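Following: one structure in structure tokens, then a few remarks.
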Amino acid sequence: QRHYHTQKHLEDLLTKINQRRSSLSVKDYEKLIIVALFHDIVYNPMSSTNEDDSGDMFIDKGYPHGYTPDEDIISKNDIDEIYQAIIDTKSHKATTFISKLFCDLDMSIIGSSYADLLEWENGIYNEFKGYGNEVYKKGRLSFLRQSLASYPTNADNLNKLISWVEQNY
């Protein structure tokens, strides 16, 4: 069921995090790595709870009930910030510093070439085609238009993609 949210997407995110490593504290770098590893760990295109479920899996697997973290290594605040960054990938509206960094990385596809945007589109379509073309098209156009408003630096390519979606579904 994964066509875009694949190992390649994860590897791309990890590469981008590593490229920023020198500008991050060790702790922020590690938090971003953890967010990347968990943000799409639960992924069912037909579910609206993927991010919540992924955040819960981070808590359940990384910090099971009753576990008390070693505050010298990771604090309760760090755990909460990682969890929140995972949850924030649902809307890509950041609520913390780590969330802002990660949401920008996760949405960096928006700044890509038209060819890369079209490849992304095909992957997303294949993940969500179970909704049918009419429902998919309406939701996708809404998302792309919101993305255009939030990330206007690649307007030409995004507008071309919007036109492509309008004409092909």
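Read the figures in this text as sums done on the coordinates, not as results from a lab. Everything numeric here is computed off the predicted structure, so don't read it as measured data. Glycine gets a Cβ as well: all are built from the backbone with ideal geometry, and neighbour counts include every protein chain shown.
Here the Karplus relation 6.51 cos²θ - 1.76 cosθ + 1.60, evaluated at θ = phi - 60°, turns the backbone of region 8-18 into coupling constants of 4, 4, 4, 4, 4, 5, 5, 4, 5, 5, 5 Hz, with x for every Gly and Pro.
Listed by chain and number, the aspartates and glutamates whose C-alpha is less than 14 Å from the C-alpha of Lys160, apart from same-chain residues fewer than 8 away, are Asp116, Glu119, Glu121.
Rounded to the nearest whole Å³, what is the per residue volume of the convex hull around the Cα atoms of region 1-64? Present the calculation step by step, with values, prior to reporting the outcome.
Details: hull volume 5.2 nm³, N = 64.
Per residue, the Cα convex hull of region 1-64 comes to 81 Å³.
Altogether, the Stokes-Einstein calculation at 20 °C and 1.002 mPa s, with the Kirkwood radius of the chain over Cα pairs as Rh, returns a diffusion coefficient of 126 µm²/s.
For region 59-160, which GluC sites (Glu not before Pro) are in a loop by DSSP, counting at most 11 other Cβ atoms within 10 Å?
Numbers: sites: Glu71, Glu81, Glu119, Glu121, Glu127, Glu134; in loops: Glu71.
For GluC sites (Glu not before Pro) across region 59-160 that sit outside H, G, I, E and B with at most 11 neighbouring Cβ atoms in 10 Å, the list reads Glu71.
Taking Asn77, Asn44, Asn159 in turn, the Gaussian network model of the chain (Cα-Cα springs below 10 Å) assigns the largest fluctuation to Asn77. Taking 25 Å as the straight-line reach from the Cα of Lys31, the lysines in range (excluding those fewer than 8 positions away in the same chain) are Lys8, Lys16, Lys61, Lys76, Lys90, Lys93, Lys100.
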